[in-house]
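Notes to accompany the following structure.
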Amino acid sequence: MEGKLPEIYWYVFWVGFRSIAFAGMIWGGRNTHKINMKTLEILRIYAEKGIEPPPSIMEPLTRQLLDPHKQQAKQQATRQAILLGQFAGGISAAAVTGGIGWWWASEKYEPAWVVYAAAVVAIAAVAGAVSRLIAAIVTHDK
């Protein structure tokens, strides 16, 4: 074995990683859907009665739907700050992906297509990051 991890462990890792990520996305979407459906149910009850919901009902529903933490973050962050954050994320993703590709190539692991895939993803991440940087430079907050 000489320090080389059996190939099955890599497959188990990636299948597990993707399964956990996919389950997280499904769980988050399902919870959001449940919240929205409960809100619509409350509004439907008032619509069937033909009356406008009182402000004491509308305010919590509006806060629940709009998620105040996200709204405050959007108000506080400027367009340039958002773009610069996306630039940093793109560069980080390119560095990690390029590093994995470099490591894979230097260890001469199989399959070789992993190196090419990592290079393509790293180039795409750099291109996206550069576009965000250019947008941040030319964008002016009003």
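The values are calculated or read from the model by the stated rules, or taken from the named source; none is laboratory data. Owing to the predicted nature of the structure, the values given are computational and were not obtained by experimental measurement. All Cβ positions, even for glycine, are placed from backbone atoms using ideal geometry, and neighbour counts span all protein chains on display.
The residue that is nearest to Gly98 (Cα to Cα), among those in region 117-142 that are modelled with pLDDT of 90 or more and not hydrophobic (A, V, I, L, M, F, W, C), is Gly128. As a summary of the residue check, Glu7 satisfies the conditions (1) within 27 Å of the chain's Cα centre (by Cα); (2) under 30 Å from Ile100 (Cβ atoms) except for the one numbered (1).
The set of residues in region 89-142 that are touching a Phe, Trp or Tyr at 6+ places or on another chain (Cβ under 9 Å), aromatic (Phe, Trp, Tyr) and either part of a helix (DSSP H, G or I) or under 23 Å from Thr78 (Cβ atoms) (or both) contains only Trp103. Taking (1) at pLDDT 85 or above; (2) within 19 Å of the chain's Cα centre (by Cα) in turn, His69 satisfies each apart from (1). For region 48-66, a tally of residues being modelled with pLDDT under 90 and either in the same structural domain as Val138 (by TED's automatic domain parsing) or in a helix (DSSP H, G or I) (or both) returns 12.
Do we have Leu5 as part of a helix (DSSP H, G or I), of a type outside the set (Val, Ile, Thr) and either in contact with a Pro (Cβ under 8 Å, 6 or more places away or on another chain) or free of Cβ contacts under 8 Å to residues at least 40 places away in the same chain (or both) here?
When the stated conditions are applied, Leu5 does not pass them.
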